[in-house]
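A short reminder: the numbers here are calculations on the coordinates, not readings from a lab. Just so it is clear, the structure is predicted and the values come from calculations on it, not from any experiment. Cβ sites come from the backbone with ideal geometry, for glycine too, and all protein chains shown count toward neighbours.
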Amino acid sequence: MKGKLPFALSTACLAVFCFFGCEKEKGSSVDAPGKGGASAVPDDGYVVAQVDGTPLTWGEMEKRANGFLQDDINVNHLMIPKGKMEEAKTFFRRKAVNTFVFKTVMMNEALRRKIKLSPLDERESYQNLARTLEKRHWTTNDFFNKGPLDPATMRREFQDGMVIDKLLKVVVRPTLKVVDEEIRVHSAQLQQTNDLIRARLENVRQQLLKGADFEQTARAVSECPSSKKGGDIGEFARGGRLPKEVEEQAFRQDIGEIGPVVRSSLGYHILKVTAKMPKRAKTDTTPEVPESIRLSHILFRSIPINRKAISDVILKLKYDQGVNEFYQKLLSTASVECFLYPDMTFGNEPGK
């Protein structure tokens with residue numbers, strides 16, 4: 001097993017120590033040695049692994065493994081097939097060992113470098129935590145009180161995670177740089193993907209021109225919520241409610257016509273005008289009513305090609321690689337032993 005972990009660009013503890021897990025590993029079903037024989041459950045104090053003399057006991061590993069397991073069940077709706085619970089427990093035990101090794105190696109290095117947190121570091125970490133928890137509809141208090149470990153442990157782990165994140169900011173982030181050529185290459189790759197998306201929609205258009213039903217096709221393939229209504233997105237007058245490219249094309253089309261593929265900031269559209277309402281002049285009792293149309297469309301979403309977004313993606317990839325390389329470098333000089341799962345390795349260091 002290789003100890004490659006996915007590292008968040010900020011607040012490392014979110015990805016490693018709490019409930020945002022590490023890379024899935026194929027765990028063996030090796031049972032822990034104990035006083036009662038090879039298949040017996042060890043005492044809580046049995047040392048399953050150690051890093052530079054710092055031990056991980058069976059009891060601590062079990063607490064963390066059970067927390068990871070329950071969180072995956074409660075939040076990610078993990079379904080464990082009948083008869084596979086022990087296999088699942090083994091997987092999460094190995095995950096607990098893996099995260100212990102990462103944390104201990106990193107914390108030892110942070111101590112050696114005398115990494116200290118500033119109030120700004122802590123404020124940014126809590127802000128990042130709040131943003132990450134939005135998808136769970138949790139507050140930061142929920143994070144500590146509902147997490148896979150007890151609240152006091154969750155707070156200690158989060159504090160350690162902030163220290164590790166500060167270490168990575170000091171060591172890894174200054175090495176990151178994105179050059180124009182990288183952005184150009186990445187943009188070209190994204191454009192190739194968008195070209196394929198447009199070609200797929202053009203094939204749909206050809207089927208419509210041959211007589212395929214627009215509403216049924218929209219229900220089947222459109223990536224807009226309006227697909228549930230056969231592509232109908234309502235009535236529109238000129239004036240900006242529609243993307244500019246869509247509005248200009250739609251008001252040129254005849255009722256029932258299958259228009260050409262049009263690109264907007266949303267993606268690629270096929271338009272069909274289903275009704276036209278002419279302009280009505282102002283009277284003594286009614287205001288002027290502008291020309292309007294009723295419009296249906298089929299949408300295939302494209303990938304936005306934005307310089308900043310592309311730069312962020314490249315930086316994230318480089319950050320992940322840099323953190324992993326830094327971790328493996330630390331592992332090469334650390335003393336890491338895993339007594340419970342002797343087959344586990346945690347990097348590319350010699351002898352593992």
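In order along segment 73-80, the Karplus-derived 3J(HN,Hα) couplings, from 6.51 cos²θ - 1.76 cosθ + 1.60 at θ = phi - 60°, round to 5, 6, 9, 9, 6, 4, 10, 9 Hz, and Gly and Pro are given as x. Over segment 180-301, what is the relative contact order in whole percent, taking alpha-carbon pairs under 8 Å and six or more residues apart? Reported as a whole number, the value is 27 percent. In the structure shown, the pairs Lys95/Lys146; Lys89/Lys146; Lys63/Lys316; Lys146/Lys308 are assessed against 24 Å; a Cα-Cα span above that value is assigned to Lys63/Lys316; Lys146/Lys308. A cut-off of 5 Å between modelled amide H atoms, ignoring neighbours fewer than 5 places along the same chain, links Ala49 with Leu56, Phe339.
Under 13 Å from the Cβ of Ser292, count the other residues' Cβ atoms, weight Lys and Arg +1, Asp and Glu -1, and hand me the total. Summing Lys and Arg as +1 and Asp and Glu as -1 gives +2.
Loop-resident trypsin sites (Lys or Arg not before Pro) (DSSP state other than H, G, I, E or B) in segment 69-137 with no more than 15 further Cβ atoms inside 10 Å of their Cβ: Lys82, Lys84, Arg113, Lys114, Lys116.
Annotation: amide H-H contacts under 5 Å for Ser264 (H modelled 1.01 Å from N, sequence separation of 5 or more, or interchain): His269. The base-10 log of I(q)/I(0) for the chain, evaluated at q = 0.14, 0.15 Å⁻¹, reads -1.11, -1.19 [Debye formula, identical scatterers on Cα atoms, solvent excluded]. Straight-line cross-link partners of Lys272 among the aspartates and glutamates, defined as a Cα under 20 Å from its Cα and at least 8 positions apart when in the same chain: Glu202, Asp213, Glu215, Glu223, Asp232, Glu235, Glu245, Glu247, Glu248, Asp254, Glu257, Glu291.
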